[in-house]
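To start, the structure under review is shown below, and the notes come after it.
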Amino acid sequence: MPINLSLVLPCYNEEKNIAFLCNEFLTLSFNDIKAELILVNNGSEDNTKSEIDKAINNNINKNISIKLVHLKKNVGYGGGISEGLKHASGEYIGWSHADLQTPLRDFLKLYNLIKGKKNILGKGFRTNNRGFDGIVSRLHENLASIVLGVKMKEVNAQPKIFNKELMSNFSKMPYKWTTLDTYVMYVCLKNKIEVKTIDVVFNTRKFGQSKWKNNFINFISHIIFNVLYLFKLRFTKN
């Protein structure tokens, strides 16, 4: 039986989250849907890989598989997702976060919303007030809209899902920081690919911390890189 959907989760030092993530995915109401959860161990320095191996060995659900993509070196947020997508077998594929801030049930909701359609991107649209993070997101979206010439809203909201055939449009996926979400959103809007959204809530992180916003140098580097990438993307043929 072919796999209906594949969810990629890039994981960097997420050992405390793995068991929760797998349990949440395995207990979703998939019914007759065949699914796979692809966990990308993106150069983690903790026991993330061991926890993924444990989850794979403990899984007895025949309709839902858990896969490990092990990367010895961290290749960035976009890089982790891109590597995971290479191993995705589902008719519909996509990604979300592994930090428990984005409920995995939203991925299933999006699948049910867009299944049967090929030229469409399904994505989350965050509705809750996220304080400083929300302000940074609005600034990025406004600047992206001006530079790229298309209306960008909730660019980094997860999850994202689309028919695997749409991958042919994304030939230049960036690896660094969170520019992958900007790239995918821009390519879809530029090529008149329909974008369908569902309201989602971005939860408070239970374990660990952000890899960029809790370090001032990383935060500034992240902002500068994203701004420069917008101009690069605007003048690059996609």
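The values are calculated or read from the model by the stated rules, or taken from the named source; none is laboratory data. The structure presented is a predicted model; accordingly, all values stated were derived computationally and were not measured. Here the Cβ is made from the backbone with ideal geometry for all residues, glycine too, and neighbour counts use every protein chain on show.
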In a strand (DSSP E or B), surrounded by 20 or more Cβ atoms within 10 Å (Cβ to Cβ) and either within 15 Å of the chain's Cα centre (by Cα) or among the polar types (S, T, N, Q) (or both) - does that describe any residue in segment 145-157? no
Picking from K54, K118, the residue that is part of a loop (DSSP other than H, G, I, E, B) and surrounded by fewer than 20 Cβ atoms within 10 Å (Cβ to Cβ) would be K118
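Return the total of residues in segment 57-67 being charged (D, E, K, R) and either exposed (fewer than 15 other Cβ atoms within 10 Å of the Cβ) or modelled with pLDDT under 95 (or both). Break it down into steps so the answer makes sense when it comes.
First pass over segment 57-67, keeping only residues charged (D, E, K, R): 62, 67.
Restricting the remaining residues to those that are either exposed (fewer than 15 other Cβ atoms within 10 Å of the Cβ) or modelled with pLDDT under 95 (or both) gives 62.
Selection size over segment 57-67: 1.
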Report yes if some residue within segment 215-231 is within 19 Å of A98 (Cβ to Cβ) and either β-branched (V, I, T) or touching a Cys at 6+ places or on another chain (Cβ under 6 Å) (or both); otherwise report no. no
Inspect all residues belonging to segment 30-48 and state whether any of them is part of a helix (DSSP H, G or I) and at pLDDT 95 or above. yes
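Would you confirm whether or not segment 92-102 contains a residue that is over 16 Å from the mean Cα position of the chain (by Cα) and either closer than 16 Å to P159 by Cα or among the acidic types (D, E) (or both)?
No, that holds for no residue.
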In segment 182-201, anything touching a helix residue (DSSP H, G or I) at 6+ places or on another chain (Cβ under 8 Å) and buried (at least 21 other Cβ atoms within 10 Å of the Cβ) is listed as T182, Y186, C188, V200
message: Condition first: at positive phi, part of a loop (DSSP other than H, G, I, E, B), surrounded by 15 or more Cβ atoms within 10 Å (Cβ to Cβ) and touching a residue at least 60 places away in the same chain (Cβ under 8 Å). Can you find one or more residues in segment 83-90 that meet it?
response: no
(1) closer than 25 Å to K86 by Cβ; (2) in contact with a Gly (Cβ under 8 Å, 6 or more places away or on another chain) all hold for L233 apart from (2)
Could we say that S6 is buried (at least 23 other Cβ atoms within 10 Å of the Cβ), touching a residue at least 60 places away in the same chain (Cβ under 8 Å) and among the polar types (S, T, N, Q) here? yes
Inside segment 14-47, the number of residues satisfying the requirement of being of a type in the set (S, T, Y) and under 18 Å from the mean Cα position of the chain (by Cα) is 1
